[in-house]
Amino acid sequence: MNLNEAIAFLSIAAKASPDIFNRAITTIREEALDTFIACQFNGGDVRTIEVDVSDDVLLRLFDRVQAQWRSIGDREPYASVLADEKYLMTNISENMAEFRNSGVMGINQLQQLARKNGVDIPYGKCLELGCGVGRLSAHFAGHFEKFTGIDISPGNLRVCDAYLKELGLENTELILMEQISELAAIESYDTFVSFIAIQHNSPPIQKYILDTLLSKLRPGGVFMFQTIVNAPGYSYTAEGNFNYKVGLEYEMHCLPMQHVLETISKHQLTLLDVVKDRQGGWGIDSFTFFGANQNIK
């Protein structure tokens, strides 16, 4: 079942009865888990999660996810961000305001976590990984002196660029990431944010992303990112990933909590909060991580 089919399936079920809707959710969840475990070619060890790979393998993994998102962003840019029938291209015009307004949750959560943990947000340069069509970006850009958005999908970035220009925001910069090595050239920043983006990359790429970008957080800066750390039955090897045919829909992957925490610690950043969220779906362990670079300038 692809993204559009799943959306249509749930929409029909919701109009029937609560019982049918719940059964539909169960079906979707089971298929989602099938996607999670599709890369299990691990010689019987179903809990193997390969994180460290060679540079050559990392490049091949990046090519894989790039191919997926080039297709998805061109076909359904809005529904690729929020999987709902009303955000399909056939319906988005009448639901555009709702879609865009929902993006305020990003800046709201950042400010709430900062207040909760007694941290001041430096409203200098904000970097968003996986900015997509600009749903959250527009709200972040309205609060920071400079906003930089990175995405892998040309289709999504075209929509994002048009949206930010429509709002008259002149403090923005958008970067189409065509090679994973380009992350190393990103300049330092004050605030790093990422939602429902990192999880669509394999564990080795997730680790590379976090390792590279967290190293660029300036003293006094803050970070807030979300990813999935565990899913029932999930396992991963790069070899298994390559054996699994590249489809037209995105993959979802886990980066074990241990590697997330080790990467934060490696760059001497302080983890201040970890919040359980539902970004990965039912039965999936997804968390939002918030912290700061409290090293002296």
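The values are calculated or read from the model by the stated rules, or taken from the named source; none is laboratory data. All values reported here derive from a predicted model rather than from experimental measurement. Heads up, the Cβs are rebuilt from the backbone with ideal geometry, glycines too, and the neighbour counts pull from every protein chain shown. Note: accessible area is taken over every heavy atom of the protein model, side chains too, but ligands, DNA and RNA are not part of it. Shrake-Rupley method; radii C 1.70, N 1.55, O 1.52, S 1.80 Å.
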Give the residues of segment 217-271 that are in contact with a Cys (Cβ under 7 Å, 6 or more places away or on another chain), surrounded by fewer than 20 Cβ atoms within 10 Å (Cβ to Cβ) and not small (Gly, Ala, Ser), sorted by residue number. Asn230, Tyr244
Among residues of segment 155-167, those that are open to solvent by 40 Å² or more (accessible area, probe 1.4 Å) and closer than 18 Å to Ile107 by Cβ, counted: 1
If we keep only residues of segment 253-271 that are in contact (Cβ under 8 Å) with a residue 40 or more places away in the chain and in contact with a Gly (Cβ under 7 Å, 6 or more places away or on another chain), then the residue nearest to His200 (Cα to Cα) is Ile264
Would you confirm, using the coordinates I've provided, whether Gln279 is open to solvent by 50 Å² or more (accessible area, probe 1.4 Å), under 26 Å from Leu61 (Cα atoms) and either among the hydroxyl-bearing types (Ser, Thr, Tyr) or touching a strand residue (DSSP E or B) at 6+ places or on another chain (Cβ under 6 Å) (or both)? yes
Take Ser181 and tell me if it is of a type in the set (S, T, N, Q), farther than 18 Å from Phe290 by Cα and in contact with a Phe, Trp or Tyr (Cβ under 7 Å, 6 or more places away or on another chain). no
Of the conditions (1) out of contact with any helix residue (DSSP H, G or I) (no Cβ under 9 Å at 6 or more places or on another chain); (2) part of a loop (DSSP other than H, G, I, E, B), Tyr234 satisfies every one except a single condition; which number is it? (1)
Would you please name the residue that is nearest to Phe62 (Cα to Cα), looking only at residues in segment 173-206 that are open to solvent by 40 Å² or more (accessible area, probe 1.4 Å) and in a strand (DSSP E or B)? Leu176
Looking at Phe140, Phe147, which one is under 26 Å from Ala79 (Cα atoms), open to solvent by less than 10 Å² (accessible area, probe 1.4 Å) and either hydroxyl-bearing (Ser, Thr, Tyr) or not in a strand (DSSP E or B) (or both)? Phe140
If I filter segment 91-116 down to residues being more than 18 Å from the chain's Cα centre (by Cα) and modelled with pLDDT of 95 or more, which single residue comes out as nearest to Phe225 (Cα to Cα)? Leu113
